[in-house]
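None of the figures in this text is laboratory data; all of them are computed from the coordinates on show. From a predicted model like this one, the values you see are computed outputs, not experimental measurements. Here the Cβ is made from the backbone with ideal geometry for all residues, glycine too, and neighbour counts use every protein chain on show.
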């Protein structure tokens, strides 16, 4: 799902009807094809503001399982909208085949045209970027619908009921992002893990084995569960807690699958919005708009991609980087040629390649240059007492660290990495989970509550190894409550 | 470009009206909010001056929302964001906890959000939530007149007359079918006979004629009637059969009342000069809750309001909650007035009596013995006699207190509480009325 925020400017009302949109769409599609965009078939649905709020609350899905948190999210969005704090998005696209996009019916003709062009950018990205390869786009809508039906059935089942379903869903939602982040990397089955452990234990073949004493091979412990630390918390619980009922396991699967579907969006937010903005700009510029529409286009385009001080606007950052890549490969400065050599690919070739093989973290690491960072004035801040203070700016010494911080905050990097290390810790089925600390501590209140959920799903004691204020600590959660112990 | 044409789906009002898909989830969220309100009710009561406000008034209740927890990073995680062109190290860009800069991407939920928002609740709703677990304690059955508490309606049988909204469509339709079947069995026989000998009869005379013929043969219609209106049998076979007044069936609803014993609640408030604004505010808050509680939960409980300084008088609701007075304090005067009213109108053998008194305890010393005696007498005849002493923090060291005096009262149904600040009101109120109160008797 992807949505362009309404920047707030009141759109001028230009009368249009559906045939106008069909006509504009044809022209835009021709242009997109001419530029080399490769899209799924597209469907547009016109909706009013309540419809749009509804789609937003349910992440754009036409059908979705019920849970009170979506009611909360709707109320929140509606309150913000009613009080004019935030506008509604101009559009919303979901990654499915055919791609489905929602258009606001109250928008002016130009906004619709701009939006349609923008949507084709997303569509192309969904179809071609590697992170989306694992989300089977043809099945998206069906899968969400089937999950919704199953959850509704559990809710209606008199032996289960809404309270029980919520108990599992509340807990599962708290842990849903604790899953594998790069779905392009295959997860090994336990058998394959065993084979790998065996291979590792044997070590490298020794070319001089005749003259060397034979090394003692230590047999790997195949009884350990899991053999390798496991990131998929929900799936691990599903497969290793024997006391879960089938419907409980099914709920865990549903939540995990949905999280994995949205991981791709999260991982490519900046690239994706930048890419769509890049193409809507290009397409609209090539459409030879009449002057009135053209001015409206420029105003709206600049609203969407403007820098927002104190934040990172993914539209702005993404568009800047894409334009910079294109420029450096089409028309590099003498200095850049001296530093990087002459480009071997054309700008167009390069950006199409990048849109296929990168995600936000690698995109920024490879293509956000020092000059660009300085131009955009990207800085790092940290908390000092009650205040957030700028700690580093993108100058000669600091830019790489600022960039590293930025990368730590994009996509799934902003979510702590937790892995199950041992499902039978202390031989009493205690679940041992380790937080892979990278300098950032967990928020302790949130950790406590989330650990409670984990314990609830696991059914036995759970412990979490982490680092608090530089000290290795163990957060324990069992029937007696929550406690923190220092580790040596 | 692969695939066929782009599909545009037009906006349809009917879809939009149907599409309030979040209604169920909103309802569920609302229920959760309600639970949350109930848990935090003491804070809400303390914050909101709800005294004497109309029931329809909408109150903004701050809610520590129903948080959705996840594993997130805490405050020592640095972030990156964009400046306005000349950011310098050391520049302050925000506050921790709220409006933290960072990505505007909500989806990840990567920061502990301050899930703090307000919700609108009407006073009536709030009162309902507050009083869910409370009732008048020690209510005993006393003879004679009984009063109603709560009433509910219950379905009981069906009637031929009733209001439109209770029309039972299924039963009504069934009645019509029954009447139709019963009305003309012989005409059905005519129709069946036609079916059996359809071909040859119809060839000669057509369907209408054939039916007339059979009807004549079967003796259903006589010749005279047929001559007057040819085709009468056909019309009767294919007749309309509209609903009749007698077909209508209505659900019958009976009102189910729950009878409680007679009860009267006597509120006695000290309005003397020593009761300053703060004390009066606390006392009135307490009585307001009591008054709301009784009038919401018990339909016919009688409430007596007494205000006293050196003299006591029975007052109206308006006067009780809004009028200030001055003068010295004779607590006994209030009790005497209560006893007088009880003697005149509410005989203890017929009534459950509840008396509550709020005062700052700053009584004239000379009155103490009399007050003690009257209090004992009140405790003797009431199911519950509560005394709330209002001593805003700081004032109790240099003022006399009735709590010490009343300590001598041994009656098990006499309770005292100390209210020092507005946060104490709700707990002390609950202490008086909680359902699961430990019975010391």
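Within 10 Å of the Cβ of each residue in A:440-451, the mean number of Cβ atoms contributed by other protein chains is 5. Rounded to the nearest 10 degrees, the angle from helix A:314-330 to the longest Cα principal axis of chain A is 80 degrees.
Ranked by the mean number of other Cβ atoms within 10 Å of their residues, highest first, the peptides A:126-134, B:81-89, A:166-174 come out as A:166-174, A:126-134, B:81-89.
Only DSSP H runs of four or more residues enter the estimate; each adds -39500 (n - 2.57), and after division by the residues of chain A the mean residue ellipticity at 222 nm equals -16000 deg cm²/dmol.
Legend: calculated FRET efficiency, residue A:299 to residue A:19, from the Cβ-Cβ distance at R0 = 22 Å, rounded to 0.05, equals 0.30. Over what distance in Å are the Cα centres of region A:230-249 and region B:408-433 separated? Centre-to-centre distance over Cα atoms comes out at 51 Å. Counts of other chain beta carbons within 10 angstrom of each beta carbon in peptide B:22-35 average 6. Structural descriptor for region B:234-372: relative contact order 33 percent, calculated from alpha carbon pairs under 8 angstrom and at least 6 residues apart. Of the residues A:79, A:140, the one with the fewest other Cβ atoms within 10 Å heads the list, and the complete ranking is A:79, A:140. Using C-alpha pairs below 8 Å separated by at least 6 residues, the relative contact order for region A:416-486 is 25 percent.
Sorting B:359-365, A:28-34 by their mean Cβ neighbour count within 10 Å, with the most densely packed peptide first, gives B:359-365, A:28-34.
Taking the fewest neighbouring Cβ atoms within 10 Å as the starting point, the ordered list for A:45, B:196 is B:196, A:45.
Most simply put, the protein assembly as shown has about 60% antiparallel DSSP beta bridges, counting only bridges with both residues inside it. Each Cα pair under 8 Å and six or more residues apart adds its sequence gap; the mean of these over the residue count of region B:315-425 is a relative contact order of 28 percent. So, in Å, what gap is there between the alpha-carbon centers of region A:123-172 and region B:335-358? Centre-to-centre (Cα) distance: 64 Å.
Treating each Cα of the protein assembly as shown as an identical point scatterer and ignoring solvent, apply the Debye formula and state log10 I(q)/I(0) at q = 0.04, 0.09 Å⁻¹. So the normalised log intensities work out to -0.34, -1.08. Averaging Cα coordinates gives a centre for region A:327-367 and one for region A:413-488; these two points are 42 Å apart.
Pairwise alpha-carbon distances in region A:416-486 exceed 16 Å for 41% of all pairs.
Cβ crowding within 10 Å ranks B:349, A:346, B:22 as B:349, A:346, B:22, fewest other Cβ atoms first.
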